[in-house]
Amino acid sequence: MENIEVRGAPQYYLCAEGSFTQLEKLLLARKIESVLIIHGDKSLKAAQTFLPSFQQVQATFEKYQGEVTLEEIDRIAQLAKEKRVDAIIGIGGGKILDIVKASGHDSNLHVILLPTLASTCAAWTPLSVIYKPSGEFTHYTIYPRSTAVVLIEPRIILQSPIEYFIAGIADTLAKWYEADVIVEQLENVPLVVELAHHAAKLCRDNLIQLGNKAVKDMKRQELSLEFIKVLETNIAAGGMVGGFGDQYGRIAGAHAIHNGLTSIEETHHLLHGHKVAYGILVQLLLENKQKEVQNLLQFYDQLQLPSSLKAMGISYHDQETLTKIAADATLPNESIHLLPGEITINKVVDAMMDLEKLESHSRVG
């Protein structure tokens, strides 16, 4: 068994109304007197009314340029060096947070994250997913140092676009299915992997039990206990799975299918979690777990998650496209090969076709 490197949590985490008011105090406690704040137009607007006016910390604001590319990461890292700041703050969704984590690592600076979405566990985990400028996945990088501070203002998440919150639920649901298929293959499970496995199960249980209620509360703009618990499940519990489980708690089949989907233009309008949602179902069929797929379909319907090719704008009859998705999902270094048995292009295409039949039959039934 490979060594397990634990990066369980940020150094400091707070999810509470008014959490942003603690920001300057937390910076000064870490001897941070100047910061570079990376943001998008929408994320800054969402956070603006909750951000404190810095009295002792000098802040420079910089808009990010759209995608988590090596070029953008380097641009921000160089800017941080030019400005001679002590830390980089990211305000936004997963892309901004991933850029800031990468740039902070490259420039050897503290990283502070203020998520405005609960669409991934990006705020929690010291990892960045890297893409080409065209939007195709290339690789991910894990950093040796955890994020210094993560602050969540739940009112910002409540006011965020609901499709991102739902995509986050799907991405976090995958934590269970991907961790479980890996862990169940281990003869002896180390304690930290057990912790990751328990966190993954907590993700599934919380989301299946509370997810639909949390989404309804979000539509009503009600800051309920269920809503807060689901947003923390997406970010904190989801992040703990990989944080404690390392390679045994990160990704398997669902994210490999996601990566395959990023290679075709038809899916570029879909959020990360939507593609992962579809990937969960394909992975389960590769595991011959048809009953579990059927159990999930009602939950998918409630949240309007894609459970078919048609729902993603892909033709069932377009064999060339299906083969392209499957080929990219089964590249030699892809995580889909963590599933038991040999996973081939044909098996993935067959699983996608089987899902169409199962999903169609379920609707007729």
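The values are calculated or read from the model by the stated rules, or taken from the named source; none is laboratory data. Note that this is a predicted model, so its numbers are computed, not measured. Heads up, the Cβs are rebuilt from the backbone with ideal geometry, glycines too, and the neighbour counts pull from every protein chain shown. Quick note on the areas: whole protein, heavy atoms, side chains included, nothing else; ligands and nucleic acids left out. Shrake-Rupley method; radii C 1.70, N 1.55, O 1.52, S 1.80 Å.
In percent, what relative contact order does the range 201-269 have, based on Cα pairs under 8 Å that are 6 or more apart in sequence?
Once divided by the residue count of the range 201-269, the mean separation gives 23 percent.
Can you tell me the orientation of helix 70-83 relative to the chain, as the angle in degrees between its alpha-carbon axis and the longest Cα principal axis, to the nearest 10?
Rounded to the nearest ten degrees, it is 10.
Quick one: which of 34-43, 239-248 comes out on top by average Cβ neighbours within 10 Å, and what's the full order, highest first?
Listed from highest to lowest mean packing, they are 239-248, 34-43.
Over the range 1-124, what relative contact order in percent results from Cα pairs under 8 Å that are six or more residues apart?
Taking the mean separation of contacting Cα pairs over the length of the range 1-124, I get 26 percent.
If you average the alpha carbon positions of the range 69-139 and of the range 323-338, how far apart do those two centres end up, in angstrom?
26 Å
Using amide H atoms built 1.01 Å from N in the peptide plane, name the residues 5+ places from H110, or on other chains, whose amide H lies under 5 Å from its own.
Long-range HN contacts for H110: I88.
Non-local amide H neighbours of A252 (under 5 Å, H modeled in plane, Pro and chain starts lacking H): which ones?
For A252, whose amide H was placed from the backbone, there are no distant partners under 5 Å.
Lys/Arg Cβ at +1, Asp/Glu Cβ at -1, dipole of the range 241-365 taken about the Cα centre: which of G243, P340, L261 is farthest positive-ward?
Most positive-ward Cα: G243.
Counting only heavy atoms of protein chains, what accessible area per residue, in Å², does the range 48-139 have with a probe of 1.4 Å?
The answer is 42 Å² per residue.
On a 0 to 90 degree scale, rounded to 10, what angle separates helix 191-219 from the longest Cα axis of the chain?
Value to nearest ten degrees: 90.
For the chain, what is the mean residue ellipticity at 222 nm derived from helices alone (per DSSP H run of n ≥ 4: -39500 (n - 2.57); sum divided by total residues; nearest 500 deg cm²/dmol)?
-16000 deg cm²/dmol, from helical runs alone.
Report, to the nearest 10°, how far helix 345-364 tilts away from the longest principal axis of the Cα atoms in the chain, using its own Cα long axis and a range of 0 to 90°.
Taking Cα atoms only, the helix is inclined about 80 degrees.
I'd like the carbon and sulfur percentage of the solvent accessible area for the chain, probe radius 1.4 Å, heavy atoms only, ligands and nucleic acids excluded.
Roughly 49 percent of what the probe reaches on the chain is carbon or sulfur.
Just to confirm, what accessible area per residue do you get for the range 267-344 at 1.4 Å probe, in whole Å²?
Per-residue accessible area for the range 267-344 comes out at 46 Å².
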